[in-house]
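Note sheet for the following structure.
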Amino acid sequence: MKITVNDQVLDANEGESVLEVALRHDIEIPHICYHPILPANGVCRMCLVEIDGINGLPASCSTPAADGMVVHTETETVRNRRRENLELILLEHPSSCLVCYKREACQTFRPEKEKTGVTTGCQNCPNKHDCEVQRLTLDLGITDLPVGSFYRNAEFDRDDPFIENDPNLCILCGRCEQICQYHHDTPVVVLTGRGPDARVGQAFDLPLNASGCTFCGACVDLCPTGSLSDRFARWYGVADGLVKTTCPFCDAGCALEVKSEGHRVFSATALDQTKPLCALGRFTIPPFLSSRDRLTHPRVMAGERLREVTWEEAFTAVADGLAPFKGDTFALVCDRSGTVEDRHALRVFTEEVMDSSHYIEIEDGEEPRVELPTGVKAVLLTGDFLEADALDALEMVVVLDCYPSPAAEKATAILPAAILLETKGHLVDENGVERPAKRAVRPAGQAKQDHEIITGLITAMGDEGTAGKLTGEIETRIQDSEAELITERAEAPAPALDVTKIRTRYRGHLIAARVPDAGAVQPVAAPVPSEVV
Amino acid sequence: MFRVVSNRKVTPNAHEMVVEAPEVARTAQAGQFALLMVDEHSERIPYTLADWDEATGTVTFIVLEVGKSTGDFVHRQPGDEVAHVVGPLGMPLEVENFGTVACIGGCYGLGGIVPVGRTMKAAGNRVITYVEARMEGMHYYLDKYESFSDEVVQTTTDGSNGIKGHGVDILEARLKEGVRVDRVFTIGCPFMMMLTAQVTKPHEIKTFAALNPIMLDGTGMCGACRCTVGEETKFACVDGPFFDAHEVDWHELRDRRAAYIFTERDVCK
Ligand SMILES: Cc1cc2nc3c(=O)[nH]c(=O)nc-3n(C[C@H](O)[C@H](O)[C@H](O)COP(=O)(O)OP(=O)(O)OC[C@H]3O[C@@H](n4cnc5c(N)ncnc54)[C@H](O)[C@@H]3O)c2cc1C
Ligand code: SF4
Ligand code: SF4
Ligand code: SF4
Ligand code: FES
Ligand code: FES
């Protein structure tokens, strides 16, 4: 099939729309409501074109290409109507920055976005640095509106976990509703109300967690405006780091695109947008990494108190302390959240260096509280895995962990662990396939990855041979890795469809204790309307 | 404890907060500010005194919700209390009959400009008040401005209310026409105040701007609020907040205000 667009003859495929054919050949037709993974919606009227033999100005996103079609995208009529249509959108949008004639001077003086409670223009909009509406406005050269814009003054919904919804910025393109339906069959966010009251929200204005939302964040990702936004990421600026890696929270193996600014991860989104992520992958990584309670410095018991020390001092103290416990009086307890390399190092340390048979690795889904084999007097814990009385019976507790726990309070030494996107190596997915884990940011404070800490310890114990061999093995393994990301998922991961399947603990710690929103995603009963008796 | 008397949303992102603080109300003068702590352990946050009433012992603040502390404050309802209101702080403005005075307010300065204009009027000046906002619905206090101004010029960036544009551009156009202005006072965001300074400088009109660097103690001790004015280091809390706008290092002010941006973002979660 061939169609002609602006005098260029283009090949077209069965089922493709005129817009899709043009875009595939790098001919830009402005569009807002169209998104490649969604069926055409035809509501924004930005993609209008002229087609010989067809009356009026059809929307190119919802017009199937037909053999011999002759399309014009830049005629005077098309341009004018396109402009008018965008102007109509802008009239119900806080457009002051778009039409401000001081825009350039302003952007030179203060290029950063300005954090604010309520957005009143691009300068203080979460979308400031990446906005389709803004880009189109500039592209079409709109610098003025026939009349001033109208501010809806609608309630800004900030009470839901992770997601904020400012209906005053919404342009009613419907993408959010469409993607939610696409992922979950019944959309949670829907266009409600009419005329000036039209907005995006949930049926009966219920909170998201009473409406069946799984917090996949797809609506936030596809919203072309600052209307739906990610509360954590909202006020970050332009990413200076971008990494593609495997989600480190569970074994579903979802591939993430991770953004960071100034060594802080601020957002993680699905690499394959055709499948949703779960609330952990999409929203929980940045706040879990950056919580103030992280263990960030090595500390060693000195008299009655834990004192901050250098890594060298910590290694020596732990090595000396553990020396008398070689054999089965030592146990190491970890779970499967670390990389393959980290767990390998922990096992080698237990079995070969400490000569103990008590390498205890908690399986995913298992109760994260373990009972120690009898005779154990010293343990190294990589998380919150022991009850208080089990701890009391021990002579030495070494904590290699990321957050405080009852064990950390009783510890002889605390070794701060790098976690999640601060680590690199491989993660094993639910089918047993190794997936790459890339480091996206440097660890919090002085934290180090488990295997680095373990080799440090082994060295301090005088076994440089084993330490060197282990480091060498791990480095080669990572360097020679041919592991691949899941760039196209066959199916959505289970927790992205059912929030009750979302993992609740990481290294034995309740995730919700550090990131309350992660707990709030669990379904709640719809509040009973007060007028119903 | 200091009782909140009223909380009125005046624009989509600004609240007029009236708080009982008789000691502050008794001695306040134009150009001064107060430090407010919402709870016993909250941050100390500076707010311009937008009005006060000695008789009722109340002070008025216009609060733009931009982060944690301002958010906590605007969520206080009438009858609720805030832990501390300390003030008045800063140097009062020098008041004289200068002739014609232009008062330019934007942002929270739409409130902050009120005592300035009123005091200048009382001293016999002709007062022209320029109030700029982004859009319709973001102007308020028109009656207050009218009570002390010989003329009120309202502008919006998008033209949805008053004249389209920025207050300072109207001033510039008039200066070019030869209209005489003897003093300019401006309160708002650093960008607007910087533009004002740029417009009045070639006309050699003394211009004072209320600087808003980050402040901690408000007593001239901590140094958080230091600014460079005419090559000299000044502390905005005790030497200001109003300074000669032609001498201010605006880029330094901007950079220092952004110094804690990462923490400020993270506490909003
Ligand atoms: C003399 C003076 C008068 C002011 N008058 C008003 C007013 O009348 N109304 C109003 O809404 N705002 C006023 N401000 C600004 C106000 O103090 C800040 O907006 C407020 O501190 C922000 O606190 P936050 O925790 O809500 O936001 P944050 O998230 O902490 O900060 C947002 C931005 O506000 C500024 N800021 C933060 N902490 C302080 C601080 N301790 N002191 C000064 N600025 C800070 C920074 O530039 C920061 O980037 C004034 C500031 C000064 C110095
Ligand atoms: S959504 Fe886009 S155009 Fe609208 S205020 Fe935000 S940045 Fe500007
Ligand atoms: S987060 Fe996902 S499930 Fe929830 S409303 Fe958005 S698209 Fe729907
Ligand atoms: S919330 Fe965003 S995606 Fe949804 S209709 Fe509005 S602008 Fe479109
Ligand atoms: S992109 Fe075609 S109508 Fe919106
Ligand atoms: S606020 Fe501390 S010196 Fe001014």
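The values are calculated or read from the model by the stated rules, or taken from the named source; none is laboratory data. Not measured: the values here are computed from a predicted model. Glycine gets a Cβ as well: all are built from the backbone with ideal geometry, and neighbour counts include every protein chain shown.
For the structure I just gave you, tell me whether A:GLY117 is more than 27 Å from A:PRO39 (Cα to Cα), in contact with a Cys (Cβ under 7 Å, 6 or more places away or on another chain), away from ligand 5 (no atom under 16 Å from the Cβ) and of a type outside the set (S, T, N, Q). Considered against the rule, which asks whether it is more than 27 Å from A:PRO39 (Cα to Cα), in contact with a Cys (Cβ under 7 Å, 6 or more places away or on another chain), away from ligand 5 (no atom under 16 Å from the Cβ) and of a type outside the set (S, T, N, Q), A:GLY117 comes out as no. Within segment A:218-232, the set of residues being more than 14 Å from chain B (Cβ to nearest Cβ) and within 12 Å of the chain's Cα centre (by Cα) comprises A:ALA218, A:VAL220, A:ASP221. Whether any residue in segment A:512-523 is within 29 Å of A:LEU332 (Cβ to Cβ) and among the polar types (S, T, N, Q) is what I want to check. Checked segment A:512-523: no residue is within 29 Å of A:LEU332 (Cβ to Cβ) and among the polar types (S, T, N, Q). Of all residues in segment B:239-269, those being of a type in the set (D, E, K, R) and within 9 Å of chain A (Cβ to nearest Cβ) number 5. Looking across B:ARG174, B:ARG134, one residue alone is surrounded by fewer than 23 Cβ atoms within 10 Å (Cβ to Cβ) and on the phi < 0 side of the Ramachandran plot. It is B:ARG174.
Confirm whether B:GLU94 is under 17 Å from the mean Cα position of the chain (by Cα), within 25 Å of B:ALA197 (Cα to Cα) and not assigned by TED's automatic domain parsing to the domain that holds B:LYS201.
Values: under 17 Å from the mean Cα position of the chain (by Cα): yes; within 25 Å of B:ALA197 (Cα to Cα): yes; not assigned by TED's automatic domain parsing to the domain that holds B:LYS201: yes.
So B:GLU94 passes the test.
Residue by residue through segment A:474-486, note down the ones that are touching a residue at least 60 places away in the same chain (Cβ under 8 Å) and either assigned to a helix (DSSP H, G or I) or more than 27 Å from the chain's Cα centre (by Cα) (or both). Listed by number, the residues that qualify are A:ILE474, A:ARG477, A:ILE478.
For segment A:131-147, filtered to residues that are within 11 Å of ligand 2 (Cβ to nearest atom) and touching a residue at least 60 places away in the same chain (Cβ under 8 Å), the residue that is farthest from the chain's Cα centre (by Cα) is A:LEU136. Scanning segment B:252-269 for residues that are within 19 Å of the chain's Cα centre (by Cα) and either part of a loop (DSSP other than H, G, I, E, B) or away from ligand 6 (no atom under 16 Å from the Cβ) (or both) returns B:ARG254, B:ALA258. Within segment A:91-117, the set of residues being crowded, with 21+ Cβ neighbours inside 10 Å and either within 16 Å of ligand 4 (Cβ to nearest atom) or of a type in the set (Asp, Glu) (or both) comprises A:HIS93, A:PRO94, A:SER95, A:LEU98.
The sole residue among A:ASP293, A:ASP320 that is in the same structural domain as A:ASP463 (by TED's automatic domain parsing) and either within 16 Å of ligand 4 (Cβ to nearest atom) or surrounded by fewer than 24 Cβ atoms within 10 Å (Cβ to Cβ) (or both) is A:ASP320. In summary, no strands (runs of 3 or more DSSP E) completely within segment B:1-113 bear 1 or more residues that are away from chain A (no Cβ under 14 Å), among the small types (Gly, Ala, Ser) and over 25 Å from B:THR129 (Cβ atoms).
In segment A:56-77, the residues that are more than 14 Å from chain B (Cβ to nearest Cβ) form Cβ pairs under 8 Å with partners that are modelled with pLDDT under 95 and within 16 Å of ligand 3 (Cβ to nearest atom), at six or more places apart or across chains, as follows: A:CYS61/A:ASN41; A:SER62/A:ASN41. Among the criteria (1) under 11 Å from the mean Cα position of the chain (by Cα); (2) under 22 Å from A:PRO495 (Cα atoms); (3) not charged (D, E, K, R), the one A:VAL265 does not fulfil is (2). Within segment A:132-149, the set of residues being within 16 Å of ligand 4 (Cβ to nearest atom) and at pLDDT below 90 comprises just one member, A:SER149. Just a yes or no: is a residue in segment B:158-167 away from chain A (no Cβ under 12 Å) and either among the aromatic types (Phe, Trp, Tyr) or in a loop (DSSP other than H, G, I, E, B) (or both)? Among the residues of segment B:158-167, not one is away from chain A (no Cβ under 12 Å) and either among the aromatic types (Phe, Trp, Tyr) or in a loop (DSSP other than H, G, I, E, B) (or both), which makes the answer no. When A:LEU86 is tested against (1) more than 14 Å from every other protein chain (Cβ to nearest Cβ); (2) within 30 Å of the chain's Cα centre (by Cα); (3) buried (at least 18 other Cβ atoms within 10 Å of the Cβ); (4) of a type in the set (A, V, I, L, M), just one condition goes unmet, and that condition is (2).
This table checks each residue for (1) within 16 Å of ligand 1 (Cβ to nearest atom); (2) at negative phi; (3) not assigned by TED's automatic domain parsing to the domain that holds B:HIS139.
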{"site": "B:GLY31", "(1), (2), (3)": "yes, no, yes"}
{"site": "B:LEU35", "(1), (2), (3)": "yes, yes, yes"}
{"site": "B:GLU54", "(1), (2), (3)": "no, yes, yes"}
{"site": "B:LYS68", "(1), (2), (3)": "yes, yes, yes"}
{"site": "B:VAL74", "(1), (2), (3)": "yes, yes, yes"}
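Screening A:CYS170, A:CYS122, A:CYS131 for residues that are in contact with a strand residue (DSSP E or B) (Cβ under 6 Å, 6 or more places away or on another chain), outside the structural domain of A:LEU86 (by TED's automatic domain parsing) and closer than 29 Å to A:ILE29 by Cα leaves exactly one candidate, A:CYS170.
Considering segment B:40-65, and only residues there that are of a type in the set (A, V, I, L, M, F, W, C) and more than 17 Å from B:LEU211 (Cα to Cα), the residue that is nearest to ligand 5 (Cβ to nearest atom) turns out to be B:VAL59. Just a yes or no: is a residue in segment A:153-173 more than 16 Å from ligand 1 (Cβ to nearest atom), within 20 Å of A:THR116 (Cα to Cα), at pLDDT below 95 and among the small types (Gly, Ala, Ser)? Yes, segment A:153-173 contains a residue that is more than 16 Å from ligand 1 (Cβ to nearest atom), within 20 Å of A:THR116 (Cα to Cα), at pLDDT below 95 and among the small types (Gly, Ala, Ser). Answer yes if at least one residue in segment A:230-239 is touching a strand residue (DSSP E or B) at 6+ places or on another chain (Cβ under 7 Å), away from ligand 4 (no atom under 16 Å from the Cβ), hydroxyl-bearing (Ser, Thr, Tyr) and over 19 Å from A:VAL521 (Cβ atoms), and no otherwise. Yes - at least one qualifying residue is present in segment A:230-239. Checked against (1) at pLDDT below 95; (2) within 16 Å of ligand 5 (Cβ to nearest atom); (3) among the β-branched types (Val, Ile, Thr), A:ILE179 passes all but condition (1).
Any idea how many residues of segment A:115-132 are more than 15 Å from A:ASP144 (Cα to Cα) and at the interface with chain B (Cβ under 7 Å from one of its Cβ atoms)? Count: 5. When A:LEU172 is tested against (1) within 14 Å of ligand 2 (Cβ to nearest atom); (2) within 14 Å of another protein chain (Cβ to nearest Cβ); (3) at positive phi; (4) hydrophobic (A, V, I, L, M, F, W, C), exactly one condition is not met: (2). On the stretch given as segment A:118-131, residues that are among the charged types (D, E, K, R) and either at pLDDT below 90 or crowded, with 17+ Cβ neighbours inside 10 Å (or both) total 1.
In segment A:89-114, what count of residues is obtained for those that are in contact (Cβ under 8 Å) with a residue 60 or more places away in the chain and more than 8 Å from chain B (Cβ to nearest Cβ)? Break it down into steps so the answer makes sense when it comes.
If we filter segment A:89-114 for residues that are in contact (Cβ under 8 Å) with a residue 60 or more places away in the chain, which is where we start, we get A:89, A:92-94, A:112-113.
Pick out the ones that are also more than 8 Å from chain B (Cβ to nearest Cβ) and you get A:89, A:92-93, A:113.
Residues in segment A:89-114 being in contact (Cβ under 8 Å) with a residue 60 or more places away in the chain and more than 8 Å from chain B (Cβ to nearest Cβ): 4 in total.
Please verify whether segment A:283-290 includes one or more residues that are modelled with pLDDT under 95 and closer than 30 Å to A:CYS176 by Cα. Checking segment A:283-290: at least one residue is modelled with pLDDT under 95 and closer than 30 Å to A:CYS176 by Cα.
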